[in-house]
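First the structure, in the form of structure tokens, and then the observations on it.
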């Protein structure tokens, strides 16, 4: 199988604090991981592409300093929401592509729900 | 710019009826298209991709480059097909293959 796990599944924090979300590929190596954001009843919006050992590539309109992404190893990427505010409350989903893949398939985590009070 | 459009937010049918979930894309290059499905309380998972031309759970999708469409079809819907369906486009940007999604269509199959 190809399992991607996110932690935490849900988090509540106070405005102004920072929150870190982890995304791990449990049984495969992933050179590329993607972070998406999903608002209620809306689609997944690609935030950034995370490549192991290099800087993340952010989509237009996504603040790099706000959403820090680190991809330190082939099985772990982290998203840190810095100085979170209520408008950052959302469902954050990560996905990973196998290091060796001829299908282009992405494997998705279960998502992390962030609520900023 | 690259874009995926799913015009229907909700599609309701009765069991045994045919289903077609529409998807149109905008991309100047050679597209690579996918359908992902999300069942209730589960994570997103791949349903099928146009390259493989396969049929999964009775679903098929044909890429029509002339109409820039990749509609998902099933001749006889089942209750267990009720889920959220997302059409997705993969394209290369800055040496990375990205995947963007349409807004999704919720399929409800009534008994």
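Since every read-out is calculated from the coordinates, none of them should be taken as a lab result. This one's a predicted model, so the numbers in the text were calculated from it and none came from an experiment. Cβ: placed from backbone, ideal geometry, glycine included. Neighbour counts: every protein chain shown.
Partner shielding of B:37-47 amounts to 3, given as the average count of beta-carbon atoms from other chains within 10 Å of each residue beta-carbon. Peptide B:98-107 has a mean of 4 when you count, residue by residue, the C-beta atoms of other protein chains within 10 Å of its C-beta. Computed on chain A, with alpha-carbon pairs under 8 angstrom and 6+ residues apart, the relative contact order is 37 percent. Listed from fewest to most Cβ neighbours within 10 Å, the set A:71, A:7, A:85 follows the order A:85, A:7, A:71. Distance distribution P(r), the protein assembly as shown, all Cα-Cα pairs, bin width 5 angstrom from 0: 1, 7, 14, 18, 19, 16, 12, 8, 4, 1, 0 percent.
Here, P(r) means the percent of Cα pairs in each 10 Å bin from 0 to the largest distance; for the stretch B:10-111 it is 16, 48, 29, 7, 1. Each part reduced to its alpha carbon centroid, the stretch A:71-117 and the stretch B:12-70 end up 24 Å apart.
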